[in-house]
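Working notes, beginning with the structure itself.
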Amino acid sequence: MKKIISGNEAIALSFGDSGGVFASGYPGTPSTETLEEVARLGEVYCEWAPNEKVGLESAIGASIAGGRALATMKHVGVNVAADALLTLNYTGVNAGLILMVADDPGMHSSQNEQDSRNYAKFAKIPMLDPANSQEAYDFVRDGFEISEQFDTPVMLRTTTRISHAKGVVEQKEKIEPKIGPWVKDVPKYVMLPNYGKIKHVEVEARLLKLQEFAETTPLNRVEMGERSLGIITSGVAYQHVREAYPNASVLKLGLVHPLPERKIREFASLVGRLMIVEELDAIFEEQIRAMGIRVDIGKDKIPLCGEVNADIIRVAAGDAIALGSAPIAALPQRPPIFCPGCAHRGLFSILSKLKVFVSGDIGCYTLGALPPMSAMHSTICMGASISAAHGMAKVNEIAGRSEKPVAVIGDSTFFHSGMTGLLSMAYNNGNALVIIMDNRTTGMTGGQENPGSGRVLQGQPARQVDIVALVKVLGIENVVELNAYNLAETEAAIKKGLETPGPYVLVDKNPCILRYRIKQPVIAVDPEKCTGCRACLKAACVALGLGAAAAGERAKVQVDPNICNGCGVCVQLCKFDAMSEAKGRG
Amino acid sequence: MDIFNIVIAGVGGQGVLLASKVLAESALASGMDVKQNEVHGMAQRGGSVISFVRIGKEVFSPVVIPGTADILISFEPLEALRYVHYLKPGGMLVYNKVTINPSTVASGLATYPADVEDQIAKACPDAHGIDALSIARAAGNDKAVNMVMVGAVMKKLPINAGVVEGVVRSVSKEKGIDVNLKALNGGAAA
Ligand SMILES: Cc1ncc(C[n+]2csc(CCOP(=O)(O)OP(=O)(O)O)c2C)c(N)n1
């Protein structure tokens, strides 16, 4: 049967259809729906790990125990899992193991634009790069076969336009899972130097075998057309190439590492101009140039940054000027913002007012960096808020500066990699205020469960970690609960935390209103009392807006009752008592 | 190549994705190839959302290039302006006239263009504004704006309206079917 499904859904479906036994991962756009779909399909065991390293390591264990395993993550997740990956490539696998990584060219929802193909080269392992949902489905099955045939982990790389684009998929016959033996094999799985040395030689030999495989596998196919222009490409870039040049000759790579040198050389000899179309880094181009093959059009014409499209390709080939018309300039932006009713709004109203340095992290609360709050001053990677604040505090101490930095982190990020930073702060006699926004979900990626939410991926009840107890056990003496909806209380708590020497932790436990569908009574404005001073607008809430101004008067604030979720932050920002207090909070 | 390019724009939470799904499923049910693509992630946080549906005999790329869309469906006037450059010359715009303040306006950093409809008319001669919210409300649910918008373009697509109705039935929850069909037909009549 044909279905229209996304690349992520196709990978999940194929995992179940291809003998998959165990899947783990950590949410991250655009990879997240893959594991969610495995759970929804309900055929194969799957779980959220607290971070990508744990996810991959659990998948390694599953493979060693004889079950085909899948680990899913976004591109930056591989950085976290890289320690495991860069030795897993030595040990190899027992049952097949696929690491699915979703890149985000164009940075639709990511902090950087790294190209995961570098990891396949780095780890000297095969990587598959599907060009549509059908290939995403097919390549899972191919990936398991390659993994088992060559005793290697396989990376399956998607990009946003593969993960989230929907296309037609035809399902294949289901392969029932077969769980293999669980064998002790010290030289294979224990990477002491002596065993590692043997393995490294094997890794290099395996790469040569994979190169031979790359020459003949139908994963890499030549589509001969007009010979004046020949294009080497892969992934979604292939679709853009076909769009731009339906009749050109194309070498479409499905296996993007290692490259089929002979095939490329032959293809290059058959075409006039050779063009390489790849999103992000010049991975193919550098290798192909190193083979001594002439490349006529490559990264000199196709940007290293952002996504490729048919227009860019036609222009690069010198055949057209850009079709694209320009957007209308100077429209008000519509950036994402805290949801109406979100507790993060209360916290950032106060952080903004106190003008402290906020060492931030990655989650919905990162939106606190945008105007008008502008109350987050560094955000590097998940978990960095606490460790970076620790480093800042140490330098402040050395410099004789008295200000104490504030770290802001969410529950999921704290479990992911914030805990170790806090351990360091306790251990190394640090001096920062840490605010943990425990909204009981992994909000930014769409509300996934985590070790603090009390439920597993499938929704069944689970052991729920007690963050306050956890913080204490890491060695922090001052841990205080916070209610970020109450601005006066929040301000007082933050001031106390800043005045008290040493590490100080505040934990807000208000649940995510979006994930838990919380609806509060809405706020009303008394137009008699509203002076139009705009103090409430600092709440940066889309439920607020200015009405039409009467002659000679300032425009007064209005609340859209369809959008308002009654958090009461605007009520507390109002100096004229013009807004009615929401019930149930305060 | 005869690919029919649809761009759907709106604000996170308005149901742009479901509208895209209905159009894509309808194309598939009509025996055509289809690629549908939207960028989500932070979309639910009230940000600007854009989605592409490409229909034809064989569709390659999932993205619509600016200047090539046959139809732009916008759930909000400011978003119509933001993405009007996606239309090809002579392309058609159908938009919901009900405005939603972006956070930049709500926080007083920017003002909503008062002449948004004039600007739209200037940018696209073939633009049609409808009050999708009132139509949705009359159908029984404010949230059915997305179905109204699908209805409003239904007859302009290379797809049979009956097929779209069937798809709306199949993607709706049991108790929402009537409301959604009313909204769809309300949009078609607008
Ligand atoms: C290494 C890494 N993995 C995953 C992500 C994707 N990601 C961004 S924010 C986030 C979770 C945020 O959850 P939480 O800290 O609980 O904050 P909330 O969004 O709920 O406020 C994730 C998983 C990432 N940016 N980096």
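The values are calculated or read from the model by the stated rules, or taken from the named source; none is laboratory data. These numbers come from a predicted model, not from an experiment. Reconstructed Cβ throughout: ideal geometry from the backbone, glycine too, with neighbour counts over all protein chains shown. Ligands, DNA and RNA are stripped out before the accessible areas are found, and what is left, the full protein with its side chains, is counted by its heavy atoms. Shrake-Rupley method; radii C 1.70, N 1.55, O 1.52, S 1.80 Å.
For the reader, a short list of remarks on this structure follows.
- Model label sites at A:Thr216 and A:Val395, defined 7 Å from Cα along the beta-carbon direction, differ in position by 5.8 nm.
- R0 of 25 Å, Cβ-Cβ distance A:Gln333-A:Leu304: FRET efficiency to nearest 0.05: 0.45
- Entries of A:Lys519/B:Lys143; A:Lys394/A:Lys472; A:Lys74/A:Lys184; A:Lys166/B:Lys97; B:Lys122/B:Lys156 with Cα pairs more than 24 Å apart: A:Lys74/A:Lys184; A:Lys166/B:Lys97
- Those trypsin sites (Lys or Arg not before Pro) in segment B:109-177 that DSSP places in a loop and that have at most 16 other beta carbons within 10 Å: B:Lys173
- From its DSSP helices (H runs of at least four residues, each -39,500 (n - 2.57)), the protein assembly as shown gives a residue-normalised ellipticity at 222 nm of -10500 deg cm²/dmol.
- Segment A:493-572 and segment A:293-317: distance between their alpha carbon centers, rounded to Å: 48 Å
- Selection from B:Asn160, A:Ala329, A:Gly292 lying farthest towards where the dipole of the protein assembly as shown points positive, charges on Cβ: A:Ala329
- Computed FRET value (nearest 0.05) for A:Asp319 with B:Lys156, which takes r as the C-beta separation and R₀ as 30 Å: 0.45
- Taking label points 7 Å from Cα along the Cα-to-Cβ direction, A:Met224 and A:Lys472 give a separation of 7.6 nm.
- Column: log10 I(q)/I(0), Debye, Cα scatterers of segment B:99-188, q = 0.19 Å⁻¹: -0.90
- Shape of segment A:221-316, Cα gyration tensor, a/c cut at 1.5: rounded
- For segment A:101-110, Karplus couplings with θ = phi - 60° (6.51, -1.76, 1.60), whole Hz, Gly/Pro x: 10, 10, 7, 9, x, x, 6, 5, 7, 8
- Estimated FRET transfer efficiency when R0 is 45 angstrom, pair A:Met191-A:Ala290 (beta carbons, to 0.05): 0.90
- Carbon + sulfur, % of accessible area of segment A:198-274 - ligands and nucleic acids excluded, 1.4 Å: 57 percent
- Nearby lysines by direct alpha-carbon distance to A:Lys353 (threshold 20 angstrom, same-chain neighbours under 8 apart not counted): A:Lys404, A:Lys495, A:Lys496, A:Lys538, A:Lys575
- 3J(HN,Hα) couplings calculated from phi for segment B:178-190 with the Karplus curve 6.51 cos²θ - 1.76 cosθ + 1.60 (θ = phi - 60°) are, in sequence order, 4, 4, 5, 5, 4, 4, 4, 6, x, x, 5, 7, 6 Hz; Gly and Pro show x.
- Between A:Ile175 and A:Lys355, the modelled label-to-label distance comes to 6.4 nm, taking each label 7 Å out from Cα in the direction of the beta carbon.
- Percent of Cα pairs exceeding the 28 Å cut-off, where the set is segment A:343-508: 15 percent
- Accessible surface, segment B:4-189, averaged per residue in Å² (probe 1.4 Å): 37 Å²
- Taking a Cβ cut-off of under 9 Å around A:Ala214, the surrounding Lys, Arg, Asp and Glu residues balance to a net charge of -2, with basic ones at +1 and acidic ones at -1.
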